[in-house]
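**Student:** Before I ask anything, here is the structure I am working with.
The values are calculated or read from the model by the stated rules, or taken from the named source; none is laboratory data. The shown structure was predicted, so the numbers you read here are calculated from the model rather than taken from an experiment. Cβ placement follows ideal geometry from the backbone for every residue including glycine, while neighbour counts extend to all protein chains displayed.
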Amino acid sequence: MASALRSAVLRHIRVPVAETLTLNGSKWSLISNVRSMSSHGDDHITKEEIIHRVLDVVKSFPKVDPSKVAPDVHFQKDLGLDSLDNVEIVMALEEEFKLEIPDKEADKIDSCSLAIEYIHNHPMAS
Amino acid sequence: MGASTGAKLSGMQKQVLGLYRGFLRAARTKSPEERRQIESIVSAEFRRNSKLVDRKNFIYIEYLLRRGKKQLDQLSSPATVGLSYLNVDYPQTRKS
């Protein structure tokens, strides 16, 4: 009885996957959907991947000489940035890893190593 | 005086950086073109003041912080789509 009901119900349910995708349109929304799903759950990103992506974000910062960027560099002492640049880099990292870093924590992140450490310990980083 | 380049931040510096962060966050909620526009205006304004304003001119910095917070409140409203900038010079207010 229950199984008959179940199959009857299932036969009438249509999940409009294709529709939502075309409605959403752009590739961008598709990509972000996939990303947010992968962030959910057990496959936490590896430290190597975090290091790689943090360094990429820092290297792509316009004022930074990419050849100077290494996992242990200090944004201001080693890369010649100022505190406003520091804010911009931390904001860029927030976007890269889909995080929101509270002001108190963000003020402390002044080097690649601290950024890597913070993101590595963050359960929602993706 | 220039933006800080290390060492420990004072309470006032933290407030300024917090305000800057607030503007960048508000910019994220706007359309991509507006966002770029807002970011460039805001960044230019903070950098300009970081060079022009004497770091010991606390009263003036307090004033700028208050003014900035009000502007940020307006920008944060969903009704505000963008930011435009009027270049007015106030030579009097610069000096302490």
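Residue by residue, here is whether (1) of a type in the set (S, T, N, Q); (2) more than 10 Å from every other protein chain (Cβ to nearest Cβ) holds:
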{"position": "B:Leu9", "(1), (2)": "no, no"}
{"position": "B:Met12", "(1), (2)": "no, yes"}
{"position": "B:Arg36", "(1), (2)": "no, yes"}
{"position": "B:Ser40", "(1), (2)": "yes, yes"}
{"position": "B:Tyr63", "(1), (2)": "no, yes"}
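**Student:** For B:Asn57, are the conditions met, namely being at pLDDT 80 or above, more than 23 Å from A:Ile109 (Cα to Cα), within 12 Å of chain A (Cβ to nearest Cβ) and surrounded by 13 or more Cβ atoms within 10 Å (Cβ to Cβ)?
**Tutor:** Details: at pLDDT 80 or above: yes; more than 23 Å from A:Ile109 (Cα to Cα): yes; within 12 Å of chain A (Cβ to nearest Cβ): no; surrounded by 13 or more Cβ atoms within 10 Å (Cβ to Cβ): yes.
When the stated conditions are applied, B:Asn57 does not pass them.
**Student:** A:Asp78 passes all but one of (1) at the interface with chain B (Cβ under 8 Å from one of its Cβ atoms); (2) touching a strand residue (DSSP E or B) at 6+ places or on another chain (Cβ under 9 Å); (3) not basic (Lys, Arg); which number fails?
**Tutor:** (1)
**Student:** Follow-up. Name the one entry in A:Leu93, A:Leu114 that is more than 13 Å from chain B (Cβ to nearest Cβ) and outside any loop (DSSP other than H, G, I, E, B). Even if it seems obvious, please write down each step before you answer.
**Tutor:** Numbers: A:Leu93 fails: more than 13 Å from chain B (Cβ to nearest Cβ).
It is A:Leu114.
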